[in-house]
Amino acid sequence: MLAAFLENLTRRLDQPAPEAMEDWRQSCLQLGRTLSVRVGTTLLSGTAESLDDAGHLHLRLPNGSLKKIASGETDFPA
């Protein structure tokens, strides 16, 4: 199992960045879903819209604005 993980990791690290990001986008199960993200002391809720090439989450807020989030703690509704 570890060997398979390391082989997959090596293959992904050898990919050019755009291809690796596309794989990441394809495997991100939360895109299109509602979630909350705590950024410091601020709690943001909205729809996970996309991931940019830098890995930032684009969260569509209820007022229609788009917030780019570099890091935070996420909560998913049950």
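In table form, for the structure just shown:
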{"read-out": "Proxy reagent accessibility, fewest Cβ within 10 Å first, across Thr41, Thr10, Thr47", "value": "Thr41, Thr10, Thr47"}
{"read-out": "Residue order, fewest to most surrounding Cβ atoms within 10 angstrom, among Ser45, Ser65", "value": "Ser65, Ser45"}
{"read-out": "Local net charge near Ala48, Cβ-Cβ under 9 Å (Lys/Arg +1, Asp/Glu -1)", "value": "+1"}
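All of the numbers you see were taken from the coordinates with simple rules; none came from a lab. None of the values given here were measured: they were computed from a predicted structure. Virtual Cβ from ideal backbone geometry, glycine too; neighbours counted across all protein chains shown.
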